[in-house]
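Report on the structure given below.
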Amino acid sequence: MGPDPRPVPDPALVRHWPLLGLVVRTPRLELRYPSEGLLLELAELSTGPVHPPETMPFAEPWTDVDPRARGRGTVQHHWRERGAWSPEAWGCGLAVLVDGAVVGSQGLSATHFARTRVVATGSWLTLARQGEGIGTEMRAAVLHLAFAGLGADRAESAAFEDNAASQRVSATLGYVANGDEIHRRREGAGRLIRLLLTREAWATRRRDDIVIDGLDPCLELFGADPPPASSPSRRPSQEGPR
């Protein structure tokens, strides 16, 4: 991946909101906490096709609204997460970039993370880039942030039973079925399969080619532990504890 041509967030603003400096890099893509410029790109992307119109992969059918409202809703969603953030309850929506282009969003969220060590993931990917393995790669990246960076013990996800692509991603990464529920879906209802990935299962597939930058100043915001003082020296912007 070449250098990012976008302007670097103002260092003074990053000091106040260090999430703006958070980046997770894999050989194929980057996850970035969105600056206003990246948020605009996400909003524009969300107005295009995210899935075939006859399907609905999301428990909240946000893609059913008019494209203009969809873009506005994308901006509002990220602003809402940012404004409501606290160490006790947070949602971290990250822009997904492939070869410098925004292709989707990968979310990570938790409630009382300092006590539970449980996170949840959710994502969307523009329809034009589906089927290329990007969904698996972006989930692997955010799981590395959760387990290697934040010290999570469990990661949870969910998918409707007919969403084979999402279930394949989860199976590839080591998730197992963890119950189900009947969830409202458009004008009807659907079976939502809950999925669980434990730290032990993730560790058997842990990758050594994923790098986290800018995490240490964010740990307090996540309710995560600071790196142990006795840990080997490392770049301050790389992995957190565990």
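Nothing in this text is a laboratory measurement; each read-out follows from the coordinates by a stated rule. Keep in mind that what you see is a predicted model, and the values were worked out from it rather than measured. Cβ sites come from the backbone with ideal geometry, for glycine too, and all protein chains shown count toward neighbours.
Counting other Cβ atoms within 10 Å, which GluC sites (Glu not before Pro) in the stretch 95-198 have at most 13 and lie in a DSSP loop? Of the GluC sites (Glu not before Pro), the ones in loops of the stretch 95-198 whose Cβ has at most 13 other Cβ atoms within 10 Å are GLU132, GLU161, GLU187.
Between SER109 and ARG129, what is 0.36 nm times their sequence separation minus the Cα-Cα distance? Round to one decimal in nm. Provide the component values of the computation, followed by the final result.
Details: separation 20, 0.36 × 20 = 7.20 nm, distance 2.42 nm.
That works out to 4.8 nm of additional length.
Name the residue farthest towards the positive end of the dipole of the chain from the options ALA43, PHE222, GLY21, assuming +1 on Cβ of Lys and Arg, -1 on Cβ of Asp and Glu, about the Cα centre. Farthest towards the positive pole: PHE222. Full extension of the chain segment joining VAL8 with ARG72 gains 20.6 nm, where the gain is 0.36 nm per residue of separation less the Cα-Cα distance. Counting 0.36 nm for each residue step from ALA84 to THR116 and taking away their Cα separation leaves a gain of 9.6 nm. Provide the FRET efficiency to the nearest 0.05 for the ASN178-THR204 pair, computing r from the beta carbons and using R0 = 25 Å. Efficiency, from the Cβ-Cβ distance: 0.90. Assuming a ≥ b ≥ c are the square roots of the Cα gyration tensor eigenvalues, decide whether the chain counts as rounded (a/c under 1.5), prolate (otherwise, with a/b larger than b/c) or oblate. Note, shape of the chain comes out oblate.
Please report, in debye to the nearest 20, how large the charge dipole of the chain is about its Cα centre when each Lys and Arg carries +1 at its beta carbon and each Asp and Glu carries -1 there.
Working: 28 positive and 30 negative charges, 61 e Å.
It comes to approximately 300 debye.
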